[in-house]
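Worksheet for the structure shown next.
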Amino acid sequence: SVDDPVRTVARTEVAEVMPDRIALNAAFDPQRPIILPAGKKLEILFLRERGAPFLLTTRVIECERGLHPRLFIGRDEKNVTVIERRRFFRMSANVACAYQILRPGVENSFDQHTRTANLSSGGTFIPVAGKILENEQLKLKLAIPKALATVPGIPPATVRVDTNATVRRVAAYNPLKKVSTVALTFTTLRMADEQHIQRFLFQLEGESRK
């Protein structure tokens with residue numbers, strides 16, 4: 001049915017913006033060209049270099065084939081949703097993470113491993129071993145899934161994201177387990193890695209609304 005949203009995820013880019021429609025590059029990923037019938041309903045996440053991403057719910061107007069295929073979609077600003085007013089929207093996310101605490105005069109030769117409790121493209125919330133103070137620095141390696149797991153027992157492929165982070169807040173310390181739970185702010189995240197995180201969070205957000 002044309003009223004069923006597309007549940008697979010594909011990457012594309014804007015080729016042209018017109019008063020009543022938007023043209024997308026249907027062959028942005030040559031291995032997965034986007035060929036859809038007119039009337040098909042879509043949810044498209046637009047990632048911007050500045051500002052919050054926004055979601056457009058729309059339908060396919062037509063699919064133009066040829067050497068440079070384009071997908072034309074409706075442009076209706078009433079159907080645009082800014083995912084959150086803050087620059088960074090945060091979601092519960094269980095992502096593998098390796099970290100080192102950077103302390104002057106202390107050499108860290110190995111990573112310690114943990115998992116995120118929540119994640120945004122601006123920071124994360126994780127448990128770390130031992131006591132840690134606000135404003136301390138960490139080096140992080142995050143394994144961001146390229147897609148949500150579709151086959152039970154088979155983990156999805158991941159993208160490694162490296163960034164430094166600052167302890168924004170120490171939420172709790174468990175003296176029995178000797179574990180601190182901390183909120184971190186990313187300080188050296190590259191734009192490409194920020195977009196990897198945003199795409200992953202968009203998939204989680206879409207899954208939560210099913």
task: For residue 177 and residue 68, compute 0.36 nm times the residue count separating them, minus their Cα-Cα distance, and round to one decimal in nm.
output: 33.4 nm
Amide proton proximity set for residue 75, modelled H, under 5 Å, gap of 5+: 21, 22
statement: Counting sequence-distant residues (5 or more places) and residues on other chains, those with an amide H built under 5 Å from that of residue 62 are 72
- prompt: How large is the charge dipole for the stretch 157-210, taken about the Cα centre, if only the Cβ atoms of Lys, Arg (+1) and Asp, Glu (-1) carry charge, to the nearest 20 debye?
  reply: 240 debye
- line: Mean Cβ-within-10 Å packing, highest first, puts peptides 92-103, 192-203 in the order 192-203, 92-103
field: Under the Debye formula (equal points on every Cα, no solvent term), log10 I(q)/I(0) of the stretch 155-206 at q = 0.13, 0.17, 0.32 Å⁻¹
entry: -0.49, -0.75, -1.12
- line: Karplus ³J(HN,Hα) for the stretch 59-64 (6.51 cos²θ - 1.76 cosθ + 1.60, θ = phi - 60°; Hz, whole; x = Gly/Pro) runs 10, 6, 8, 6, 10, 9
message: Under the 0.36 nm per residue contour assumption, what length would be gained going from the current alpha-carbon distance of residue 75 and residue 29 to full extension?
response: 14.3 nm
field: Amide H partners (placed H, <5 Å) of residue 159, local residues excluded
entry: 144, 146
message: Sorted from largest to smallest, which semi-axis lengths in Å does the alpha carbon gyration tensor of the stretch 110-154 give for its equivalent ellipsoid, taking the root of 5 times each eigenvalue?
response: 25, 13, 10
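Read-outs: derived from the displayed coordinates by stated rules, not from any lab. Just so it is clear, the structure is predicted and the values come from calculations on it, not from any experiment. Glycine gets a Cβ as well: all are built from the backbone with ideal geometry, and neighbour counts include every protein chain shown.
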